[in-house]
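Since every read-out is calculated from the coordinates, none of them should be taken as a lab result. Since the structure is predicted, the reported quantities are computational estimates derived from the model, not experimental observations. Using ideal geometry, Cβ is built from the backbone for each residue, glycine included, and neighbour counts are taken over all protein chains shown.
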Amino acid sequence: MIKILFSLVLLCGFMGEAMATPYDENIETHDIKNDQKTIILKGLDFKTVMMVFYQKDIQHIVIPELDKNKEQYVGMKKDQDGLVHVLIYAKPKQFLDNQKQERYLLTVSQVVVDEDLKEIQYCWVCTSSTDIYVFKINTDKRFELVASATGEDGWWGDGREDNTFSPEMILSGLSPVGPQVKGYIEEIELSKQGYTTTTLFIAPFNNRKNLKKLEIANTYESNDIAGDERVYKIQGKYQFLKSVHDGLYDIEIQYSGTQRKQTKDDFKVIPMRETHIYQYNEKQKKYIRVK
């Protein structure tokens, strides 16, 4: 087991240079135990979370609109596309999991900023992402990480507007996705080159260590803004069934409209009316279409 100790002097000194935050916090010495299975923190404050999970990527930046809103944030080094991002910290919120155990949900969101204008940049090609962390208090009264969705598994959003996720937003949006499981349900719309799709995702808050959203299926497809005279439009309405597989409800999607059918040299538009059913498979960690 590797044990890393951040002293108060080093932690405060570095963060004083790297962080742009409108107020300071009392900080204790924080220790982290990491054996590739367990991460334990003494606290879940902003500076500890940034140093533990993002230390290699952060840099100083000032965004006045975030300061005005008293957000706690830090800049990130330019990515491979030359874009500059900031990490926005949201304070943890306590909740009870499906086994009525006390848990703490914390999020860190990554958004694109204009370095020259010093403001958040919203655009058609921009995306945002949110890292999700769930902690429990262990027998030593420390915060132990029990589940997360970070990096490529983080919850992404359309960058045309603020589509980040706060703990309050997630917890208030939890709905039953199984007999004893609640989860976050979302339909995400994506438009590209004249084609529009809406995809259904759910993120069960059960005992999964990886809280990556599960992609179910498209609930809308259309080429209505592509400029093609042969317009197709598929609309799907989903519902959770009473039947259960591996702890989660089966999902039924009823489709209607018109669909694109490929021919030898082209495609044609034909009517569509179908019902699809999806079941969760724990071994494969995903929903599988069975009908």
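For this structure, a couple of remarks:
- Positive-pole candidate from Val231, Gly194, Gln284, dipole of region 175-291, charges at beta carbon: Gln284
- Straight-line cross-link partners of Lys268 among the lysines, defined as a Cα under 20 Å from its Cα and at least 8 positions apart when in the same chain: Lys233.
- Additional length obtainable on full extension of the chain from Glu168 to Asn218, 0.36 nm per residue less Cα span: 15.3 nm
- In a fully extended conformation the segment linking Lys209 and Ile270 would gain 17.7 nm over its present Cα-Cα distance, using 0.36 nm per residue.
- Overall, the chain carries a charge dipole of about 1320 debye about its Cα centre when +1 sits on the Cβ of Lys and Arg and -1 on the Cβ of Asp and Glu, all other atoms neutral.
- Extension gain (nm, one decimal) between Asp57 and Leu241, 0.36 nm per residue minus Cα-Cα: 61.8 nm
- Among Ser128, Ser222, Ser109: highest mean-square fluctuation, GNM of the chain, C-alpha pairs under 10 Å: Ser222
- Distance between region 144-178 and region 48-125 - C-alpha centres, whole angstrom: 13 Å
- Farthest toward the positive end of the dipole of the chain, out of Gly159, Gln259, Phe240, is the Cα of Phe240, where the dipole comes from beta carbon charges about the Cα centre.
- Cβ-Cβ FRET estimate between Thr263 and Glu152, R0 fixed at 30 Å, reported to 0.05: 0.25
- Relative contact order (%) - region 175-291, alpha-carbon pairs under 8 angstrom, separation at least six: 19 percent
- Between the beta carbons of Gln80 and Lys286, assuming R0 = 30 Å, the FRET efficiency works out to 0.55 to the nearest 0.05.
- Highest-MSF residue in the chain out of Leu44, Leu106, Leu83 [GNM, Cα springs under 10 Å]: Leu83
- Among the GluC sites (Glu not before Pro) in region 190-278, those located in a DSSP loop and surrounded by at most 13 other Cβ atoms within 10 Å of their own Cβ are Glu229.
- With K and R counted +1 and D and E -1, the other residues having a Cβ less than 10 Å from that of Phe240 yield a net charge of -1.
- Placing unit charges on each Cβ (+1 for Lys and Arg, -1 for Asp and Glu) gives the chain a dipole about its Cα centre, and among Leu41, Gln55, Gln99 the Cα reaching farthest toward its positive end belongs to Gln99.
- For the residue pairs Lys93/Lys213; Lys56/Lys286; Lys42/Lys70; Lys56/Lys212, the C-alpha atoms sit more than 26 angstrom apart in Lys56/Lys286.
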